[in-house]
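A quick write-up on the structure given underneath.
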Amino acid sequence: MSTRNITMLQAVNEAMHERMEMDSDTLLLGEDIGKNGGVFRATDGLYETFGPSRVIDTPLAEAGIIGSSIGLALNGKKPIVEIQFLAFIYPGFEQLVSHAARMRYRTRGQFHLPMVIRAPYGAGIRGPELHSESVESFFVQTPGLKVVAPGNPYDAKGLFHAAVKDPDPVLFLEDTKLYRAFKQDVPAESYEIPLGKAAVVREGSDLTMVAWGSMVREAVKAAERMEKEKGWSCEVIDLRTIYPFDRETIIESVKKTGRAAVMHEAHKTGGLGAEITAVINEEALVYLRAPVQRVAGYDVPVPQFMVEDLYLPDAGRMANAVEKAMTF
Amino acid sequence: MTNRHQELGMSDEHVMEMYRTMLTARMLDERLWLLNRAGKIPFVISCQGQEAAQAGASAALDTTVDYVLPYYRDLGVVLHFGMTPEEVMLSNFAREGDPNSGGRQMPGHFGKRESNIVTGSSPVTTQVPHAAGIALALKQKKKEAVAFTTFGEGSSNQGDFHEGINFASVHQLPVIFMCENNKYAISVPLDKQLNVEHVSDRAAAYGIPGESIDGNDPLAVYDAVKRARERALRGEGPSLIETVSYRLTPHSSDDDDMTYRSKEEVDQARTTDALETFRHYLEEVSLLTPEGEEALRSEIRAVIDEATEAAEQASYPDPTTLMNHVYEEGNS
């Protein structure tokens, strides 16, 4: 299999090219995704290749975009929607949560919606407030939706293929910090990474870190530092699909290590870290040697510009959490 | 002698079928109220006062190819498109065999794939952009068919109304948007909902035709929807049709309309009830006699009796199916 060294943005773009080539019922819809190639350039070149009837620049109206994509999916098409920023999804929230997620359940499987909603998310690129939010918790409370958040170019391409092939709606979250952060060898051919399966990206025996998106890299940095400075061995799990998430991999790891720290950009209260902590408590309490640590964004709106560095969890904050758990 | 329905190209059989749909919807709805007041079913949301618009519009559509995205009052539409009175009863009794949702959804939340009836839910007007999407797929597949969606005048104030119609207009999609204006959004009268005379006036903002029709005149509605359908099939895009009638019942079985409107107003509206006025028309054109009307009513009554009994005896959903159909089975 030939590989190229590409960014996550290129990996997502490439995956879309491949899906569009494989299946003429696949359509792209979104704001500025046509000639402009998307505000992050994720759809670069797709309009030129597939034309305006398959790469549709929509009116600026998120409920209309998601709602009409539901109609397309109901009638045999496979829409891939770009929402410009995750926090711009709110006008379309009802269509996504009240309709896309429930069509199958509501109709006992008569109707189902093969559709993907892509949305860039996350702070750290100097986008003010709503351009920087990590609000995945709204959607992990929504049975019927699947929520995916890749942490590297290789996973992004494989997970994207699996998301488009899935018969149910998938919210595909793309961490903006990762778009151009680093390159990785990615196969030129199409391949799938199954949804719902986490990856152990670093093995360890003293503590389990659970993260997704760009937080995986911060977790790995913290793990390396702890190894070097303290001789502590941390395992890092990249959750990849954050709902429904891979409980088995987390529990298996915690049973081995006896300690855990969950890391996410989203606000701490009610964040997915709380749920993961609860699952660990329910299923592996007697294995724990310390309370599960949570490294999360603070409970404030994402601050703007330079102040966001104070908000964002990083390797340093993860290292503090590890120390707390190890010395409990 | 020619008469109105023949002028519109409708056969006698076609017009009688339309009347039968109106009458079935009314009688079924009345039975639902009785069952609710007898404590047998928990909730009713009515079509009464809108049957003419629903039956007239449906008669102009092709049930074999067109998609309907109804709203919760559209009993007349779904009966025409192939939902049976028994299925309606199964839904109202929340029984397993309910085709809409296996007894999970509120009554009036219609969805039956084999009849091209697309499911919706309680947040109003969200079906409008769905209709636009279905129509875009029809256009891309070059199908000779339309998407037909309905909603109330109150819900025409929602953003989804605008976003859906705008999208359909920009792409010249084969959709018919039909607003069933029954003068009330639960308790709020028309003059507190709109600052224009007609919901159809809003069509101008989308560059599409808008037409306001007497919703108690099924032939006028038939004619308007037929023209809109032909227009859509010619590739000329969507239309907005408003049918004006009156909601003869409270909003639902849980509402007391006497807190916000007078009995005199409702009684006045009953004088133009299409179930009366259109029956007179059919008598005038010699398609119906009082005896014929009674025979038709008996026949429908028997169907409803049977449907009620069957639904009452049917089983509730199996508790072991609670977790099914959240995702494709075996894929989560």
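The values are calculated or read from the model by the stated rules, or taken from the named source; none is laboratory data. This one's a predicted model, so the numbers in the text were calculated from it and none came from an experiment. So basically every Cβ, Gly included, is an ideal-geometry build from the backbone, and we count neighbours across all protein chains shown. Surface accessibility is based on the protein's heavy atoms, side chains included, excluding ligands, DNA and RNA. Shrake-Rupley method; radii C 1.70, N 1.55, O 1.52, S 1.80 Å.
Working ranking of peptides B:116-122, B:132-138, A:54-60 by packing, defined as the average number of other Cβ atoms within 10 Å per residue, highest first, is B:132-138, B:116-122, A:54-60. In the protein assembly as shown, the ratio of gyration radius to Kirkwood radius, Rg to Rh, stands at 1.05 when only Cα atoms are counted. The share of accessible area on the range A:3-187 that comes from carbon and sulfur is 50 percent, using a 1.4 angstrom probe. The range A:171-192 and the range A:212-276 have Cα centres lying 20 Å from one another.
By the Cα gyration tensor, chain A has an equivalent ellipsoid whose semi-axes, rounded to whole angstrom, run 34, 20, 19 from largest to smallest.
With q set to 0.14, 0.19, 0.20, 0.21 Å⁻¹, the log10 of I(q)/I(0) for the range A:64-122, from the Debye formula over equal scatterers at the Cα positions, is -0.36, -0.64, -0.70, -0.77. Take each residue of peptide A:71-82, count the partner chain Cβ atoms within 10 Å of its Cβ, and average: the result is 6. The chymotrypsin sites (Phe, Trp or Tyr not before Pro) of the range A:236-299 that DSSP puts in a loop, and whose beta carbon has at most 14 other beta carbons within 10 Å, are A:298.
How many percent of all Cα-Cα pairs in the range A:199-326 sit more than 18 Å apart? Percentage above 18 Å: 47. Dividing the convex hull volume of the alpha carbon atoms of the range B:169-319 by its residue count gives 210 Å³ per residue. Take every pair of alpha-carbon atoms less than 8 Å apart whose residues are at least six positions apart; their mean separation over the length of the range A:15-149 yields a relative contact order of 22 percent. Net charge in the neighbourhood of residue A:126 (other residues with Cβ under 13 Å of its Cβ; Lys, Arg +1, Asp, Glu -1) is -2. For the chain pair B and A, the interface hides roughly 3500 square angstrom of accessible area in total, found with a 1.4 Å probe. Compute the Cα gyration tensor for the range A:121-173, then decide on rounded, prolate or oblate, letting a ≥ b ≥ c be the square roots of its eigenvalues: rounded whenever a/c is under 1.5, prolate when a/b is larger than b/c in the other cases, and oblate in all that remain. Because a/c hits 1.5 or more and a/b fails to exceed b/c, the range A:121-173 counts as oblate.
Farthest towards the positive end of the charge dipole of the range B:4-314, among the residues B:205, B:266, B:280, is the Cα of B:205, using unit charges on the Cβ of Lys, Arg, Asp and Glu. Give me log10 I(q)/I(0) at q = 0.14, 0.20, 0.24 Å⁻¹ for the range B:250-295, Debye formula, one equal scatterer per alpha-carbon, no solvent. Taking Cα atoms of the range B:250-295 as identical point scatterers yields -0.53, -0.72, -0.82.
Adding -39500 (n - 2.57) for every DSSP H run of four residues or longer, then dividing by how many residues chain B holds, sets the calculated 222 nm ellipticity at -13000 deg cm²/dmol. If you wrap the tightest convex hull around every Cα atom of the range A:264-311 and split its volume per residue, you get 66 Å³. Summary value for chain A: 17 percent relative contact order, contacts being C-alpha pairs under 8 angstrom separated by 6+ residues. If you plug the beta carbon distance of residue A:192 and residue B:142 into 1/(1 + (r/R0)^6) with R0 = 25 Å, you get a FRET efficiency near 0.20. Of all beta bridges that DSSP places with both ends in the protein assembly as shown, some 20 percent have antiparallel geometry. What's the carbon and sulfur percent of chain B's accessible surface, probe 1.4 angstrom, rounded to a whole number? Percent of accessible area from carbon and sulfur atoms in chain B: 50. Only Cα pairs under 8 Å and 6+ residues apart enter the sum, and on that basis the relative contact order of the range A:199-326 stands at 29 percent. The mean number of Cβ atoms from other chains found within 10 Å of a Cβ in peptide B:157-168 is 5, as a whole number. Using only alpha-carbon positions in the range B:4-314, the gyration tensor eigenvalues give semi-axes of 28, 22, 21 Å once each is multiplied by 5 and square-rooted (largest first). With protein chains left intact and a 1.4 Å probe, residues in chain A average 36 Å² of accessible area per residue. Specify whether the C-alpha gyration tensor of the range A:3-187 places it in the rounded, prolate or oblate class, a ≥ b ≥ c being the square roots of the eigenvalues: rounded for a/c under 1.5, otherwise prolate if a/b is larger than b/c and oblate if not. Rounded, because the longest to shortest axis ratio a/c is under 1.5. Charge dipole (Cα centre; +1 on Lys/Arg Cβ, -1 on Asp/Glu Cβ; no other charges) of the protein assembly as shown amounts to roughly 2200 debye. Surface exposure of the range B:4-314, expressed per residue as accessible area with a 1.4 Å probe, stands at 37 Å². Within the straight-line cut-off of under 22 Å between alpha carbons, the lysines reachable from residue A:78 are A:35, A:146, A:157, A:165, B:112, B:139, B:141, B:142, B:143, sequence neighbours fewer than 8 places apart in one chain being disregarded. A viscosity of 1.306 mPa s and a temperature of 10 °C, combined with the Kirkwood radius over Cα pairs in Stokes-Einstein, give a translational diffusion coefficient for the range A:1-57 of 138 µm²/s.
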